[in-house]
Amino acid sequence: MLNTLKATVGTLALSAGLTTMALADDLSGTLRIISDMSNPAPRAVMEGLAAGFDEQHPGLTVELEVVDREAWKSQIRNALTANPPDVVNWYAANRMGPYVRAGLFEDISDMYASGDLPGLDSVKGAMTMDGKQWGVPYTYYQWGIYYREDIFKELGLSEPTTFEEEMANCQKIIDSGRKCYTIGSKFLWTAGGWFDYLNMRTNGFDFHMQLARGEVEWTDDRVRETFANWRKLIDMGAFIDDHQTYSWQEALPFMLKGEAAAYLMGNFVVPHLREAGLGDDQIDFYQFPKIADVAMGEDAPTDTFHIAANAQNKAAARAFLQYVTSPDVQSKINAADALGQLPVNANASVGDDEFLQQGFEMLSNNATGGIAQFFDRDFPAEMAALAMEGLQEFMVFPDNLDDILNRLESARGRIYK
Amino acid sequence: MATAHDDMSWVRRNRMTLTPLLFLAPGVLFFLAYVIIPILQSFNISLYDWDGLGQATYVGLDNYRELATDRAFEISLWNNVKWLVLYLLAIPAGLLIALFLNQTIVGIRLYKSLFFFPFVISQVVVGLVFSWFYLPREGLLNAVLGVVGMDPINVLGDPTLATYGIIAAGLWPQTAYCMILYLTGLNAVDPEQIEAGRLDGAKGWRMLWHVILPQLKPATFIAFVVTIIGALRSFDLISIMTNGGPFGSTRVLSFYMFEKALSEYGFRMGYGSAIAVVLFLIMLVFIGYFLWSMYQDEKAARH
């Protein structure tokens, strides 16, 4: 009962052994899934998920369509309105907003309430909007500072825990003729990551979220303080030159060649570093250091599955969400040899990989401030686009700060009505 | 019987009118459906605040008022002007190369194809090649500047230079296009007139200006049209080379419209439509001029 789209998949058969869930076996008809997991490894995972679910339910046909991840960001609108599929991929938190408000995502609060989704309590918040839950997460990953362990050793540096140590380290790195951080800000969002961390460390998670919700002025002194901290790094020449010309991948060679010592990035950077030939003794990870005495907040973007409000086969769609979030499936799809990210179910096991283990440890024990999604997922889309442009401008021309903040403040007045 | 006869005679009587109308109908229908109606829809949508999904709210001219105070819009508009003016350099450059190549020596066909080559490759490739050329450290441009002892520059990362850098990339294929237009035009230059000019003692610039150029007027007109259109369609180069950056300094109206209405962070359909309307009005000036001048030519030809 498997259509040709995924007939080729045999690698990751998340197969029939899963009996932990009480799945209704009376599922029938067709389950249509549109997924944006188009990169090679995620694609194999998604195809395995569809195949595994299909195998469990003899009466059901699973039809999977994988679309390009970037293209999906604009295609989802058409997909949900005209002839909608049953299940789609999307992102947590504010990014759900337009579809929740337009009534295109199915409200699945009852599944959380009735205990159909055990082990998801800690991630429920990211799926909540207007007091209801609109989907399930299937994976998330930590952000942090990935650095060249060998360069740190050579210079006798240790992982910093405070901003003073961070800057002292950075000064030594600069004195050795290197840059502290590589970054490619051509597509802007990388600068958003820096702002997230500097603002969460300077003013705390709650303040950061207030800013995201439009409740604080951009010209507020606390925001300026964040930029003042950022400026310290910029003025000492911590970032590579001409970063506005590079994409985030084009900025990787600086770290690979040892011209820059570290990269503030999501965990998805690790496979790139490894494929380029850096061994595990050359790369390591540390949490963004403390600045002010506030609880640490972390960025951990979450990717999700949702049921379309106009889905044809909601029974099967709900069963699929249960299947995807069950502990066994979660352990398998997030393992180091699959997605290589963190499982969302508390009962699942974290992949055997030093970065996954460190990230999980950090998010479980040392992110007491709260978990943010990411700059462009927490701020409304339009505000995020304008703000990230301003952040990039600040990184190139720090003196333009007043102009940038005034511009963002007037945009705030218009965007949050 | 009588009615049938009348019908036939009505068709027959109006055959001269009906036939062209029938032939025109499919074209006109498609033109209406895909060009005219969407233009009117854009005008309409530009009066609404609409995210493309939910309910559209009527906001009157608010979108246009916002445009008037939007600095990103102002920058895009100025960049459009820069494109329109500087892109026209392709016409004299194309003429120069065409004159240079318009001779009969061995292998001239090969040289002509080589000069025409940039127009054959896709704009995306042109954009990529030039962004490598401009790369701040490895780029060829900075290598050359280094040889002559100048400091390296980051053309695409500098908000004051980036637009000019992209226009220069665009001029490369556009010059080739104008060159081909002029080469064809030069084939049609009347040798007798040149002979007559020579007898009267004209050569060099005077020959070019008074004898050759007037005969190239149709080619110049077409070159002008395609260059203006090309300048207004500069979307792909910008998207490839800078993605509108650094901090929005290389956007043009079409790119800004795309960002506001259709990109990842956009979906302000009303605002995007308002930008589209402004762009349409600018184009209308040129389209109007072209139509008028073609009409004048045809009128002159009929006399």
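Pick from A:47, A:55: which is touching a Lys or Arg at 6+ places or on another chain (Cβ under 9 Å), open to solvent by 10 Å² or more (accessible area, probe 1.4 Å) and away from chain B (no Cβ under 14 Å)? Please lay out each step first, then the result.
Working: A:55 fails: touching a Lys or Arg at 6+ places or on another chain (Cβ under 9 Å).
Going through A:47, A:55 in turn, just one is touching a Lys or Arg at 6+ places or on another chain (Cβ under 9 Å), open to solvent by 10 Å² or more (accessible area, probe 1.4 Å) and away from chain B (no Cβ under 14 Å): A:47.
Out of the residues in the stretch A:173-231 that are among the acidic types (Asp, Glu) and open to solvent by 30 Å² or more (accessible area, probe 1.4 Å), which is nearest to residue A:256 (Cα to Cα)? Talk me through it step by step, then tell me what you get.
We begin by selecting, within the stretch A:173-231, every residue among the acidic types (Asp, Glu); these are A:175, A:196, A:206, A:215, A:217, A:220-221, A:225.
Filter once more, keeping what is open to solvent by 30 Å² or more (accessible area, probe 1.4 Å): A:175, A:206, A:215, A:217, A:220-221, A:225.
Values: A:175: 19, A:206: 36, A:215: 41, A:217: 40, A:220: 39, A:221: 38, A:225: 33 Å.
In this case the residue turns out to be A:175.
Considering only residues that are over 17 Å from the mean Cα position of the chain (by Cα) and in contact (Cβ under 8 Å) with a residue 24 or more places away in the chain, look in the stretch A:354-384 and name the one that is nearest to the other protein chains (Cβ to nearest Cβ).
Top of the filtered list is A:382.
Cβ-Cβ distance below 7 Å, separation of 6 or more or different chains: which pairs start in the stretch B:24-52 with a residue that is away from every other protein chain (no Cβ under 14 Å) and open to solvent by 50 Å² or more (accessible area, probe 1.4 Å) and end on one that is β-branched (Val, Ile, Thr) and assigned to a helix (DSSP H, G or I)?
Hits for this filter: B:43/B:277.
Need pairs with beta-carbon distance below 6 Å; first residue in contact (Cβ under 8 Å) with a residue 60 or more places away in the chain and among the β-branched types (Val, Ile, Thr) and within the stretch A:25-43, second open to solvent by less than 50 Å² (accessible area, probe 1.4 Å) and part of a strand (DSSP E or B); sequence gap 6+ or separate chains.
What qualifies is A:30/A:61; A:33/A:64; A:33/A:87.
Which members of the stretch B:138-164 meet the condition of being within 12 Å of chain A (Cβ to nearest Cβ) and either surrounded by 12 or more Cβ atoms within 10 Å (Cβ to Cβ) or part of a helix (DSSP H, G or I) (or both)? Quick ask: steps written out before the conclusion?
Let us first name the residues in the stretch B:138-164 that are within 12 Å of chain A (Cβ to nearest Cβ), namely B:138-139, B:142, B:152-162.
Within the stretch B:138-164, B:139, B:142, B:152, B:153, B:154, B:155, B:156, B:157, B:158, B:159, B:161, B:162 meet the criteria.
Can you name the residue in the stretch A:359-399 that is of a type in the set (S, T, N, Q) and open to solvent by less than 50 Å² (accessible area, probe 1.4 Å) and is also nearest to residue A:299 (Cα to Cα) among such residues?
A:373
Please specify each residue of the stretch A:247-258 satisfying the condition of being within 13 Å of chain B (Cβ to nearest Cβ) and open to solvent by less than 10 Å² (accessible area, probe 1.4 Å).
Of everything in the stretch A:247-258, just one residue is within 13 Å of chain B (Cβ to nearest Cβ) and open to solvent by less than 10 Å² (accessible area, probe 1.4 Å), namely A:251.
Go through (1) open to solvent by less than 30 Å² (accessible area, probe 1.4 Å); (2) out of contact with any Cys (no Cβ under 6 Å at 6 or more places or on another chain); (3) outside any helix (DSSP H, G or I) and name the single condition residue A:261 misses.
Result: residue A:261 fails condition (2) only.
Sort through A:170, A:180 and tell me the only one that's in contact with a strand residue (DSSP E or B) (Cβ under 6 Å, 6 or more places away or on another chain) and not in a helix (DSSP H, G or I). Don't jump to the end; show me each part of the working.
Details: A:170 fails: not in a helix (DSSP H, G or I).
Sole residue among the options that is in contact with a strand residue (DSSP E or B) (Cβ under 6 Å, 6 or more places away or on another chain) and not in a helix (DSSP H, G or I): A:180.
Could you tell me whether the stretch B:202-210 includes any residue that is open to solvent by 40 Å² or more (accessible area, probe 1.4 Å), modelled with pLDDT of 90 or more and in a helix (DSSP H, G or I)? Explain how you work it out, then say what you get.
Residues of the stretch B:202-210 open to solvent by 40 Å² or more (accessible area, probe 1.4 Å): B:203-206, B:209-210.
Filter once more, keeping what is modelled with pLDDT of 90 or more: none.
Within the stretch B:202-210 (the criterion being open to solvent by 40 Å² or more (accessible area, probe 1.4 Å), modelled with pLDDT of 90 or more and in a helix (DSSP H, G or I)), the answer is no, since none of the residues qualifies.
Counting residues that are modelled with pLDDT under 95 and either within 26 Å of residue B:224 (Cα to Cα) or away from chain A (no Cβ under 14 Å) (or both), which helices (runs of 4 or more DSSP H) fully inside the stretch B:55-126 reach at least 2?
Of the helices (runs of 4 or more DSSP H) lying wholly inside the stretch B:55-126, those with at least 2 residues that are modelled with pLDDT under 95 and either within 26 Å of residue B:224 (Cα to Cα) or away from chain A (no Cβ under 14 Å) (or both) span B:71-87, B:90-101, B:108-120.
Applying the selection to the stretch A:127-159, what residues are closer than 22 Å to residue A:371 by Cβ and acidic (Asp, Glu)? Step through it out loud before you land on a result.
Residues of the stretch A:127-159 closer than 22 Å to residue A:371 by Cβ: A:127-146, A:159.
Scanning the stretch A:127-159 gives A:130, A:159.
Is there a residue being part of a helix (DSSP H, G or I), assigned by TED's automatic domain parsing to the domain that holds residue B:79, without any contact (Cβ under 8 Å) to a residue 60 or more places away in the chain and open to solvent by 20 Å² or more (accessible area, probe 1.4 Å) anywhere in the stretch B:262-277?
The answer is no, given that none of the residues of the stretch B:262-277 is part of a helix (DSSP H, G or I), assigned by TED's automatic domain parsing to the domain that holds residue B:79, without any contact (Cβ under 8 Å) to a residue 60 or more places away in the chain and open to solvent by 20 Å² or more (accessible area, probe 1.4 Å).
If only one of B:146, B:60 is free of Cβ contacts under 8 Å to residues at least 40 places away in the same chain and either touching a Cys at 6+ places or on another chain (Cβ under 7 Å) or assigned by TED's automatic domain parsing to the domain that holds residue B:268 (or both), which one is it?
On the way: B:60 fails: either touching a Cys at 6+ places or on another chain (Cβ under 7 Å) or assigned by TED's automatic domain parsing to the domain that holds residue B:268 (or both).
Just a single option satisfies the conditions, and that option is B:146.
Residue A:126 versus (1) hydrophobic (A, V, I, L, M, F, W, C); (2) in a helix (DSSP H, G or I); (3) at pLDDT 90 or above; (4) crowded, with 21+ Cβ neighbours inside 10 Å: which is the lone unmet condition?
Result: residue A:126 passes all but (3).
Working carefully through the options B:83, B:78, find the one that is under 20 Å from the mean Cα position of the chain (by Cα) and open to solvent by 40 Å² or more (accessible area, probe 1.4 Å). Walk me through it before giving the result.
Values: B:83 fails: open to solvent by 40 Å² or more (accessible area, probe 1.4 Å).
On inspection, the qualifying residue turns out to be B:78.
Quick one: which of A:78, A:94 is over 16 Å from residue A:304 (Cβ atoms), within 14 Å of chain B (Cβ to nearest Cβ), open to solvent by 20 Å² or more (accessible area, probe 1.4 Å) and under 25 Å from the mean Cα position of the chain (by Cα)?
On the way: A:94 fails: over 16 Å from residue A:304 (Cβ atoms).
Within the list A:78, A:94, the selection yields A:78.
Could you grab me the full set of residues in the stretch B:216-239 that are open to solvent by less than 50 Å² (accessible area, probe 1.4 Å) and either more than 17 Å from the chain's Cα centre (by Cα) or within 14 Å of chain A (Cβ to nearest Cβ) (or both)?
Across the stretch B:216-239, the qualifying residues are B:216, B:238, B:239.
Could you list, ordered by first residue, the pairs with Cβ atoms under 6 Å in which the first is in the stretch B:206-227 and under 22 Å from residue B:171 (Cβ atoms) and the second is of a type in the set (Ser, Thr, Tyr) and part of a helix (DSSP H, G or I), at least 6 apart or interchain?
What qualifies is B:219/B:182; B:227/B:87.
Could you count how many residues in the stretch A:129-171 are without any contact (Cβ under 8 Å) to a residue 40 or more places away in the chain, more than 23 Å from residue A:269 (Cβ to Cβ) and crowded, with 16+ Cβ neighbours inside 10 Å? Lay out the reasoning, then the answer.
Just the residues of the stretch A:129-171 that are without any contact (Cβ under 8 Å) to a residue 40 or more places away in the chain, to begin with: A:129-133, A:153-158, A:164, A:168-169.
Checking the rest, the ones that are also more than 23 Å from residue A:269 (Cβ to Cβ) come to A:129-133, A:156, A:164, A:168.
Then keep just the ones that are crowded, with 16+ Cβ neighbours inside 10 Å; that gives A:129, A:133.
Residues that pass the stated criteria total 2.
Could you grab me the full set of residues in the stretch B:250-272 that are among the aromatic types (Phe, Trp, Tyr) and facing another protein chain (nearest Cβ under 9 Å)? Let's see the steps before the verdict.
Narrowing the stretch B:250-272 to residues among the aromatic types (Phe, Trp, Tyr): B:255-256, B:258, B:265, B:267, B:271.
Hits for the stretch B:250-272 are B:265, B:267.
Just need a number here: residues in the stretch A:287-301 that are in contact (Cβ under 8 Å) with a residue 60 or more places away in the chain and either open to solvent by 10 Å² or more (accessible area, probe 1.4 Å) or charged (D, E, K, R) (or both). If you could, list the steps in order and put the result at the bottom.
Residues of the stretch A:287-301 in contact (Cβ under 8 Å) with a residue 60 or more places away in the chain: A:287-292, A:294-301.
Those still in the list that are either open to solvent by 10 Å² or more (accessible area, probe 1.4 Å) or charged (D, E, K, R) (or both) too: A:287, A:290-292, A:294-296, A:298-299.
Summing the residues that are in contact (Cβ under 8 Å) with a residue 60 or more places away in the chain and either open to solvent by 10 Å² or more (accessible area, probe 1.4 Å) or charged (D, E, K, R) (or both) in the stretch A:287-301 gives 9.
State all residues of the stretch B:241-258 that are part of a helix (DSSP H, G or I) and either open to solvent by less than 50 Å² (accessible area, probe 1.4 Å) or touching a strand residue (DSSP E or B) at 6+ places or on another chain (Cβ under 6 Å) (or both); if no residue qualifies, say none. Spell out how you get there, then give the answer.
Of the residues in the stretch B:241-258, the ones part of a helix (DSSP H, G or I) are B:241, B:253-258.
Of everything in the stretch B:241-258, those that are part of a helix (DSSP H, G or I) and either open to solvent by less than 50 Å² (accessible area, probe 1.4 Å) or touching a strand residue (DSSP E or B) at 6+ places or on another chain (Cβ under 6 Å) (or both) turn out to be B:241, B:253, B:254, B:255, B:256.
Is it fair to say residue A:333 is assigned by TED's automatic domain parsing to the domain that holds residue A:260 and either open to solvent by 40 Å² or more (accessible area, probe 1.4 Å) or out of contact with any strand residue (DSSP E or B) (no Cβ under 6 Å at 6 or more places or on another chain) (or both)?
Working: assigned by TED's automatic domain parsing to the domain that holds residue A:260: no; either open to solvent by 40 Å² or more (accessible area, probe 1.4 Å) or out of contact with any strand residue (DSSP E or B) (no Cβ under 6 Å at 6 or more places or on another chain) (or both): yes.
Spelling it out, it is not the case that residue A:333 is assigned by TED's automatic domain parsing to the domain that holds residue A:260 and either open to solvent by 40 Å² or more (accessible area, probe 1.4 Å) or out of contact with any strand residue (DSSP E or B) (no Cβ under 6 Å at 6 or more places or on another chain) (or both).
The values are calculated or read from the model by the stated rules, or taken from the named source; none is laboratory data. Since this is a predicted model, take the numbers as computed values, not measurements. Quick reminder, even Gly has a Cβ in these numbers, built from the backbone with ideal geometry, and neighbours come from all protein chains shown. Just the protein is used for accessible areas: all its heavy atoms, side chains included, with ligands, DNA and RNA removed. Shrake-Rupley method; radii C 1.70, N 1.55, O 1.52, S 1.80 Å.
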